[in-house]
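Right, one structure below, let's go through it.
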Amino acid sequence: MDNDKYSIKFVTYNIHSGKNYWMKPTLNEIIKYLKRENPDIISVQEVNESKKRGFQVSQIQEALNYNFHFGANVKKTNLNYGIATFSSFPIIEKNIYFYLAK
């Protein structure tokens, strides 16, 4: 696959706020995994970007140096929690769409 110039490697990961089942921090291990896999596009769920729980989106972006877009689906005082997409390709347009359940 590495020789296929037309392939794109995509990773999606629910990072559970950067903690494991026992609530121990795992963000550094997640970043190591993402570096090792070297995907073109990454989608992460349950990611924080806030003073209260840490600036995880920023940490991932700084470690990987990817383009990114973050969409918070939970916004509270000192808390932004949601999904993020990181890309080695330019991100041409960014939007957030909310769909309400009926």
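Just so it is clear, none of the values below were taken in a lab; they were calculated from the coordinates. Note that this is a predicted model, so its numbers are computed, not measured. All Cβ positions, even for glycine, are placed from backbone atoms using ideal geometry, and neighbour counts span all protein chains on display.
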message = Given points 7 Å out from each Cα along the Cα-Cβ axis, report the LYS52 to TYR13 separation in nanometres with one decimal.
response = 2.5
note = Among LYS19/LYS94; LYS19/LYS75; LYS9/LYS102; LYS9/LYS94; LYS19/LYS76; LYS75/LYS102, the pairs whose Cα-Cα distance exceeds 24 Å are LYS19/LYS94; LYS9/LYS102
task = For the chain, calculate the relative contact order in percent as a whole number, restricting contacts to Cα pairs under 8 Å that are 6 or more residues apart.
result = 25
query = By how many degrees, between 0 and 90 and to the nearest 10, does the Cα long axis of helix 27-37 differ from the longest principal axis of the chain?
reply = 20
remark   = Using alpha-carbon positions, the gyration tensor of the chain gives root eigenvalues a ≥ b ≥ c; with a/c under 1.5 called rounded, otherwise prolate if a/b exceeds b/c, else oblate, the class is oblate
key: Set of lysines near LYS24 by C-alpha distance (under 19 Å), chain-local residues within fewer than 8 positions excluded   = LYS32, LYS51, LYS52
ask   = Taking R0 as 22 Å, what's the FRET efficiency between ILE91 and GLU37 from their Cβ-Cβ distance, rounded to 0.05?
value = 0.65
